[in-house]
Amino acid sequence: MGTKRRVALDGRQAVAQPGDLRRATRGVPGPRCRIEVSSHVTQQLVRSDHALWRRVGSSVVILRPGDPPFRIAGSGGAIWDLLGTPISRDDIVAALVAEFDAPNDVVAADVLPLLDDLLVRGAVEEVGPS
């Protein structure tokens, strides 16, 4: 359990417990304040041991037990190759920028959503920095 901290809420002092913000905003309509930690700086991604895969031409077909197979094509094959060993999101983007001689922002806009999708699907896993 975390430590209690004093925080100012609406000008009053209160003692916050871990999870208070999550409980306080549950069911509240409208936008929420989210604090996003940039984990891509320190976290690395690697192929999941639970993901079965096969290269088919320039595409990679990935299967997780119990889920339908899906395919990544184009530069997705190069990304999949890079994910063979732990690598950061930034290093993947940099490698593709160098390989395809494309602008960093364009590559990042294409690659980062794919990496997030692979993570959600369980095809890749986050690991600590090496």
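The values are calculated or read from the model by the stated rules, or taken from the named source; none is laboratory data. Since we're looking at a predicted model, the values are computed, not measured. Here the Cβ is made from the backbone with ideal geometry for all residues, glycine too, and neighbour counts use every protein chain on show.
Can you say whether Asp101 is without any contact (Cβ under 8 Å) to a residue 12 or more places away in the chain and within 16 Å of Gln43 (Cβ to Cβ), as far as the supplied structure shows? When the stated conditions are applied, Asp101 does not pass them.
The residues listed here are Leu96, Leu82, Leu52; of these, the one that is out of contact with any His (no Cβ under 7 Å at 6 or more places or on another chain), within 19 Å of Pro129 (Cα to Cα) and modelled with pLDDT of 95 or more is Leu82. Going by the conditions given, is Arg64 at pLDDT below 95, charged (D, E, K, R) and either under 22 Å from Val93 (Cα atoms) or in contact with a strand residue (DSSP E or B) (Cβ under 8 Å, 6 or more places away or on another chain) (or both)? Spelling it out, Arg64 is indeed at pLDDT below 95, charged (D, E, K, R) and either under 22 Å from Val93 (Cα atoms) or in contact with a strand residue (DSSP E or B) (Cβ under 8 Å, 6 or more places away or on another chain) (or both).
Could you please let me know if Ser130 is of a type in the set (Ser, Thr, Tyr) and either modelled with pLDDT under 95 or in contact with a Pro (Cβ under 6 Å, 6 or more places away or on another chain) (or both)? Yes. For Val37, the stated conditions hold: it is within 16 Å of the chain's Cα centre (by Cα), at pLDDT below 95 and within 28 Å of Pro129 (Cα to Cα).
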